[in-house]
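Novice: Here's a structure for you.
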Amino acid sequence: MNSLPFGYLIPIFLIVLYFILRKKKSHVEPLTETDKQILNDYVSYYHHLDSTDKIRFEQKVAGFFATVKIEAVGLEMTTLDELLIASSAVIPIFGFPDWQYKNLSSVLLYPDTFDKDFQFEGGERNIMGMVGSGYMNGQMILSRSALRHGFSKSAGKENTAIHEFVHLLDKSDGATDGVPENLISHEYTLPWIKMMHEEMEKIEENKSDINPYAITNQAEFFAVVSEYFFEKPELLKDKHPDLYHHLSRIFAQQPAG
Ligand SMILES: [Zn+2]
């Protein structure tokens, strides 16, 4: 009869357990065969994975759909758009066993470039993607034209959506500063900062093939060279071996093989 005074805790415990389990499950729906075919046709990163990694990629995409809301603003969303957004989220974190984007609740997809007041019609619109801060915290906005261009054959070293997700990784330690402290071990922090500034100087002197937008600040540098790392890994490894080396350590991936 000793346990009797705590007997009333049992139903409470069961209710709490029910909600924990229910929340954890959050309906991860496996991808369909059509989804997999679209990934294979449009996402070259996925296309080049072996069959085991393809399954892992599909699971991460499905997990992303279960946790992050994707909304269309002024356009009709297609399965392709949704899969490209999820792929952009998964590619930078594919080297980590169980990364969750804790600082992201929704992605808004706009038809085209937008301005700083999120207007996508008229006026001067040149923003292709952004990670929200302040009242927009937890939101990402992407332009569909930039999203699709990033996965097209003519994208070169650029991929706007990957760029934005790399900003989120960078931001996960509290500061979007080009130093992803959650991903970089302490002893590599200073060498990484030094390398960023050396490469930025080369861009300033016109001695680099890295997009000059990278010299805006360290955060933009990190996001821009990450696009290059995932889009043209062999070229980056060839032209900037040290930079490639640092990035493959940060992302725990060797996309150049
Ligand atoms: Zn940026």
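Coordinate-derived values only; no laboratory data. These numbers were taken from a predicted model, which means no experiment stands behind them. Every residue, glycine among them, receives a Cβ derived from its backbone with ideal geometry; neighbour counts consider all protein chains shown.
Novice: Among residues other than residue 83 whose Cβ falls under 11 Å from its Cβ, what is the net charge (Lys/Arg +1, Asp/Glu -1)? Intermediate results must be reported in sequence, preceding the final value.
Specialist: Values: positive: 36; negative: 35, 41, 58, 81, 82.
With Lys, Arg at +1 and Asp, Glu at -1, the net is -4.
Novice: For the chain, take the longest principal axis of its alpha carbons; what is the angle in degrees between that and the long axis of helix 9-25, to the nearest 10 within 0 to 90?
Specialist: Roughly 30 degrees, rounded to the nearest 10.
Novice: Using 1/(1 + (r/R0)^6) with R0 = 35 angstrom and r between the beta carbons of residue 96 and residue 8, what's the FRET efficiency to the nearest 0.05? All intermediate terms of the calculation are to be shown ahead of the outcome.
Specialist: On the way: r = 42 Å, r/R0 = 1.21.
With a Förster radius of 35 Å, E is 0.25.
Novice: I need two numbers for the stretch 173-257: Rg to one decimal and Dmax as a whole number, Cα atoms only, in Å.
Specialist: For the stretch 173-257, the Cα radius of gyration and maximum Cα-Cα distance read 12.0, 33 Å.
Novice: Can you list the aspartates and glutamates whose alpha carbon sits under 15 Å from that of residue 157, skipping same-chain ones fewer than 8 residues off?
Specialist: 209, 220, 227, 231, 234, 238
Novice: Go ahead and set up a Gaussian network model of the chain, Cα springs under 10 Å, then flag whichever of 117, 177, 209 fluctuates most.
Specialist: 117
Novice: Let me ask you something else. Add +1 for every Lys or Arg and -1 for every Asp or Glu among the other residues with Cβ under 13 Å from the Cβ of residue 105, and state the total. Intermediate values should be presented prior to the final figure.
Specialist: On the way: positive: 69, 102; negative: 71.
Summing Lys and Arg as +1 and Asp and Glu as -1 gives +1.
Novice: Estimate the FRET efficiency between residue 71 and residue 34 by the formula 1/(1 + (r/R0)^6), using the beta-carbon distance for r and 30 Å for R0, to the nearest 0.05.
Specialist: Working: r = 22 Å, r/R0 = 0.72.
Calculated value: 0.90.
Novice: How many angstrom separate the Cα center of the stretch 56-104 from the Cα center of the stretch 170-220?
Specialist: Computed from Cα coordinates, the inter-centre distance equals 25 Å.
Novice: Just grab the label-to-label distance for residue 48 and residue 188, each label 7 Å out from Cα along the Cβ direction, in nm (one decimal).
Specialist: 1.9
Novice: If you don't mind, there's one more thing I want to ask. Roughly what would the spin-label model give for residue 201 and residue 136, points 7 Å off Cα along C-beta, in nm?
Specialist: 3.5
Novice: Tell me the angle of helix 241-251 to the major Cα principal axis of the chain, expressed in degrees between 0 and 90 and rounded to the nearest ten.
Specialist: 10
Novice: What does the charge count around residue 162 come to, taking other residues whose C-beta lies under 10 Å from its C-beta (Lys +1, Arg +1, Asp -1, Glu -1)? Don't skip to the answer; put the middle values down first.
Specialist: Details: positive: none; negative: 158, 164, 227, 231.
The answer is -4.
Novice: Choose one answer from 128, 136, 200: the residue with the largest mean-square fluctuation in a GNM of the chain with alpha-carbon springs under 10 Å.
Specialist: 136
Novice: Using DSSP to call loops (not H, G, I, E or B), can you name the trypsin sites (Lys or Arg not before Pro) in the stretch 172-236 whose Cβ has at most 10 other Cβ atoms within 10 angstrom?
Specialist: On the way: sites: 194, 202, 207; in loops: 207.
Here the trypsin sites (Lys or Arg not before Pro) that fit, given the DSSP loop and packing criteria, are 207.
Novice: Please list, or write none, the lysines whose alpha carbon is within less than 17 Å of the alpha carbon of residue 60, excluding same-chain residues fewer than 8 places away.
Specialist: Straight-line reach from residue 60, under 17 Å: 24, 25, 36, 69, 102.
Novice: To continue, here is another question. Pull up the DSSP beta bridges for the chain and report the antiparallel fraction as a percent, rounded to 5. All intermediate terms of the calculation are to be shown ahead of the outcome.
Specialist: Details: 4 of 13 bridges.
Percent antiparallel among DSSP bridges in the chain is about 30.
Novice: Further, regarding this structure: Could you tell me how many degrees, from 0 to 90 and to the nearest 10, lie between the Cα long axis of helix 79-93 and the main elongation axis, the longest principal axis, of the Cα atoms of the chain?
Specialist: Helix 79-93 sits at roughly 80 degrees to that axis.
Novice: Sticking with this structure for a sec: Name the residue, out of 135, 45, 110, whose mean-square fluctuation peaks in a Gaussian network model built on the chain with Cα pairs under 10 Å.
Specialist: Looking only at 135, 45, 110, the largest GNM fluctuation is found for 135.
Novice: Semi-axes of the chain's equivalent ellipsoid from the Cα gyration tensor, sqrt of 5 times each eigenvalue, largest first, rounded to whole Å? It would help to have the intermediate numbers written out before the result.
Specialist: Numbers: eigenvalues 240, 106, 80 Å².
They are 35, 23, 20 Å, listed from largest to smallest.
Novice: Quick check: pseudo-label points 7 Å beyond the Cα along Cα→Cβ at residue 239 and residue 154, how many nm apart are they?
Specialist: 2.0
Novice: Something else: Fewest Cβ neighbours within 10 Å first, please rank 27, 163, 197 accordingly.
Specialist: On the way: 27 8, 163 27, 197 13.
Sorted ascending by nearby Cβ count, the order is 27, 197, 163.
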